[in-house]
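Worksheet for the structure shown next.
The values are calculated or read from the model by the stated rules, or taken from the named source; none is laboratory data. Everything numeric here is computed off the predicted structure, so don't read it as measured data. Glycine also receives a Cβ, built like all others from the backbone with ideal geometry; neighbour counts cover every protein chain displayed. Protein only, heavy atoms only, side chains kept; ligands, DNA and RNA dropped before computing areas. Shrake-Rupley method; radii C 1.70, N 1.55, O 1.52, S 1.80 Å.
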Amino acid sequence: MPRSVIKGGTVVTSTEQMLSDVLIDDEKIAALAAPDSHDWEAGADKVIDATGKYVIPGGIDVHTHMELPFGGTKAADTFETGTRAAAWGGTTTIIDFAVQAKEQNLMDGFEAWMGKADGNCAIDYGFHLIVGDVTDQSLKEMDIAFDEGVTSFKMFMAYPGVFYSTDGEIFRAMQKATENGSTIMMHAENGIAIDVLVEQALARGDTDPIYHGLTRPPILEGEATHRAIKLAELAGCPIYIVHMSATEALLELTMARDDGQNAFGETCPQYLFLSLDDLGNGYEGAKFVCSPPMRDRAEEHQEALWKGLATNDLQIVSTDHCPFCWGDHPEFGTQKQLGRDSFASIPNGLPGVENRMELIYHGGVHEGRLGLNRYVEVTSTTPAKMFGLYPQKGTIAVGSDADVVVFDPDEVHTLSAETHHMWVDYSCYEGLEITGKVETVLSRGKTIIEDGAYHGSAGDGRYLRRGTNQYLI
Ligand code: URP
Ligand code: ZN
Ligand code: ZN
């Protein structure tokens, strides 16, 4: 069994910062000890020098969409390319969304996504299930999925005709979640009202990408968030609001949490760093089309979201990684340009799985908005607890999986599509100079990123059968 030692670094978990060496035995963390208090190096197969660096738990991104069929095309990253890019960025676990299509069984969606991921992933992975068709049968199958380790189900108040569910359907699924102990994840935007605004904009000839943002105003995210939280309160299930972008929505979540409800939320780097202005650059704005959209007066929303992360009004940063190429994709052809004549035809989604750990370190820790422990908490520990993976994942402790990142807090570098590894031909952060860089990445004890090279292989990653939400009040 290979033994590795990470020596000389500062181990950072959600609660501690300590100068400590880490002994890894095969796939697990075997021991932590003060430097020079042991003779581990003598019997080690590998020694990683982390002097002057942070040693943090591998990132857990609980919101990705590899290969998602959406908007008339398919998300460009495969499980192979997307998980490799995640590894480059210090993420060692993803939870992706399997999809139940209309008139399909829920478990067919699960089996299909298991097939796509099997043998292709560079890092460990789990699944949530998108409930796309609420029927007596799919409600029953939520129990079967639960037994397979899918303990969270996403529903949509947006995208009528695609993933949308009515309030009644949502409420029925929530009642099932209460019964079997799962968590409902909600895309909270009022899609019915949005469709009216979209139709009116197109009738006026307002077809540019910026109208994607203007027809999805924050009030409709706030309204849907309120409704989702109230339905969950009545049903009695935990509710997790995905990709939160606006103060209007955050206020609703904060109130519910202050009332003691099991209500939780995530935001994503795009809502912390980008704004409606990015959508206003003529057709190039299509690169930034996602839902909910980036916001007008973004500084106010961003400040509130950062503060929410700092105070635990918000619990997690995920990416909602769902990339579509700007130019032609070699297999799927035109992607973002599908909406040249109408913003309503632009596939919704952005690349980001590789950038999250570094962006949140830069904007959070380096720029003074988050403490170091809180950074680890929102990017790794709470994701593990929220989605039933702790303490196997999300911490550096004896017995935990040796998913570890050696992070250089001082390295300054520039984000660019020229140097990233996501299979997409643009970066939303092109030219952004940031401080803090992922240097070495171990996934279950195997060094997969080191010295600027990838040393893993497709198929290293294993399916994670998840337990229930460990973050409940
Ligand atoms: O624009 C987005 N967010 N695309 C991915 C699908 C979703 O709604 O999460
Ligand atoms: Zn969504
Ligand atoms: Zn998503």
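Data for the structure
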| item | result |
| --- | --- |
| Rounded to the nearest 10 Å², the accessible area of Y390 at probe 1.4 Å | 70 |
| Residue-wise HN-Hα coupling along segment 53-61, computed from phi with Karplus coefficients 6.51, -1.76, 1.60 (Hz; x: Gly, Pro) | 10, 8, 10, 10, x, x, x, 10, 9 |
| Sequence-distant residues sharing a close amide H with K53 (under 5 Å, placed H) | T10 |
| Separation in nanometres of the label points that stand 7 Å from Cα toward Cβ, at T419 and L202 | 4.1 |
| J(HN,Hα) series, segment 240-257, from Karplus relation 6.51 cos²θ - 1.76 cosθ + 1.60, nearest Hz, glycine and proline x | 10, 8, 7, 5, 7, 10, 9, 4, 4, 6, 4, 4, 4, 5, 4, 4, 5, 5 |
| Point-charge dipole on Cβ atoms (K/R +1, D/E -1) for segment 25-140, about Cα centre, debye to 20 | 440 |
| Accessible heavy-atom area order of T51, T166, highest first, probe of 1.4 Å | T51, T166 |
| Fraction of alpha-carbon pairs over 13 Å apart in segment 113-154 - percent | 58 |
| Alpha-carbon centroids, segment 360-405 and segment 286-348: separation in whole Å | 24 |
| Percent antiparallel among DSSP beta bridges (both partners in segment 58-373, rounded to 5) | 10 |
| Too-long pairs where the Cα-Cα distance tops 26 Å, listed order kept, from K74/K154; K7/K437; K28/K437; K74/K176 | K74/K176 |
| For G126, residues with placed amide H under 5 Å, excluding near neighbours | I94, I95, D96, L464 |
| Unit charges on C-beta of K, R, D, E only; dipole of segment 253-348, Debye | 120 |
| Whole-Å semi-axes of segment 152-232's equivalent ellipsoid (Cα gyration tensor) | 29, 11, 9 |
| Long-range amide H partners of E411 with built H, under 5 Å | G436, K437 |
| Compactness of segment 338-452, expressed as Rg and Dmax over alpha-carbon positions, Å | 16.6, 56 |
| Largest-first principal axis extents, alpha carbons of segment 1-145, Å | 62, 31, 30 |
| Length gained when the stretch T15-V47 is fully extended (0.36 nm per residue, less Cα-Cα span) | 9.0 nm |
| Cβ-defined net charge surrounding A417, 10 Å radius [Lys, Arg +1; Asp, Glu -1] | -3 |
| Protein-only accessible surface order, largest first, of K287, K7 at 1.4 Å | K7, K287 |
| Around L220: net Lys/Arg minus Asp/Glu count, Cβ-Cβ under 14 Å | -4 |
| Sum of side-chain charges, E303 neighbourhood, beta-carbon under 11 Å (Lys, Arg +1; Asp, Glu -1) | +1 |
| Solvent-accessible area, 1.4 Å probe, carbon plus sulfur percent, for the chain | 47 |
| Residue-wise HN-Hα coupling along segment 190-202, computed from phi with Karplus coefficients 6.51, -1.76, 1.60 (Hz; x: Gly, Pro) | 7, x, 6, 5, 4, 4, 5, 5, 5, 4, 5, 5, 5 |
| Segment 90-196 - convex hull of the alpha-carbon atoms, volume per residue in Å³ | 111 |
| log₁₀ of I(q)/I(0) at q = 0.14 Å⁻¹ - segment 168-306, Debye sum with one point per alpha carbon | -0.66 |
| Positive-end residue of T92, T178, G191, charge dipole of the chain with Cβ unit charges | T178 |
| Residue (of T151, Y471, L139) at the positive-pole extreme of the chain, dipole from beta-carbon charges | L139 |
| Solvent exposure of segment 352-473 as accessible area per residue, Å², 1.4 Å probe | 35 |
| Compactness of the chain, expressed as Rg and Dmax over alpha-carbon positions, Å | 21.3, 74 |
